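I have placed the structure first, in the form of structure tokens, so that the comments after it can refer back to it.
The values are calculated or read from the model by the stated rules, or taken from the named source; none is laboratory data. None of the values given here were measured: they were computed from a predicted structure. Quick reminder, even Gly has a Cβ in these numbers, built from the backbone with ideal geometry, and neighbours come from all protein chains shown.
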Amino acid sequence: MALDDLSSVNHLTLEKTVYRQLLKGIISGKLTPGTKITITQLAEQLGVSLMPVRQALRALEAKNLITIQKNRRLTIRKLSANDLNELLQIRLNLECMAAEKAATICTDETILRLERLLEEMRTAKDRELYLEKNKEFHHTIYRTANKPILLEIIEDLWSRISPYYFMYLVEGDVTKHTPYHKGMVKAMREKDPEKVCKWLKLDLEKAAEDLTNQLIARKHE
């Protein structure tokens with residue numbers, strides 16, 4: 001029994017590892033929207049058998065991040081401008097809910113962390129590092145709300161849209177978001193839920209606007 005249990009744990013761990021690697025590839029933009037690849041190619045690249053790759057891909061398909069075709073090819077799902085607008089509306093509601101709650105219970109330690117992340121975003125040398133720090137900044141606020149179910153839903157929404165930020169948003173001037181981030185930190189320091197939501201909305205709406213414009217421009221290229 002003990003050996004059987006050990007085998008199950010190892011197998012489950014492998015599936016989770018493959019899932020996280022593929023999700024990281026999508027979020028980081030290494031597997032870009034529209035990319036087509038076979039399950040066999042992924043298994044060979046990751047150095048694992050087909051089974052954990054299939055399991056991981058089913059989980060990613062359930063999140064609408066990929067489409068698996070009958071010939072075992074998969075495509076990283078593309079989003080339309082309508083998809084992006086729908087995601088924005090959902091994010092505005094849920095992320096403001098988390099940020100408003102966080103503002104009322106924010107600690108000095110959290111403020112210091114947010115200020116450090118602001119500086120790390122300012123000095124980031126490449127777009128991948130900037131996006132990593134930007135996500136950490138936002139999620140530091142959302143985690144402070146201490147609402148684990150809400151945080152899980154927000155993280156799922158971020159995984160859907162992150163590849164597009166990597167591909168399109170950071171082609172422009174990301175420093176335009178600095179005033180919004182500074183406004184959020186100031187509002188958190190003042191424990192002002194209304195103001196933190198105001199700056200967060202401006203940040204999300206501007207990012208969505210830039211991203212939508214990039215998608216439309218590329219569609220007509």
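Being part of a loop (DSSP other than H, G, I, E, B), closer than 30 Å to Gly34 by Cα and over 19 Å from the mean Cα position of the chain (by Cα): is that true of Lys176 here?
It is false that Lys176 is part of a loop (DSSP other than H, G, I, E, B), closer than 30 Å to Gly34 by Cα and over 19 Å from the mean Cα position of the chain (by Cα).
Need the failing condition index for Asn93 against (1) in contact with a helix residue (DSSP H, G or I) (Cβ under 7 Å, 6 or more places away or on another chain); (2) at pLDDT 95 or above, just the number.
(1)
Out of the residues in the range 16-38 that are modelled with pLDDT under 75 and surrounded by 18 or more Cβ atoms within 10 Å (Cβ to Cβ), which is farthest from Ser162 (Cα to Cα)?
Here the answer is Pro33.
Matching residues to (1) surrounded by 18 or more Cβ atoms within 10 Å (Cβ to Cβ); (2) small (Gly, Ala, Ser); (3) farther than 17 Å from Met184 by Cβ:
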residue	(1), (2), (3)
Gly47	no, yes, yes
Thr107	no, no, no
Arg113	no, no, no
Arg116	no, no, no
Arg143	no, no, no
Asn146	no, no, yes
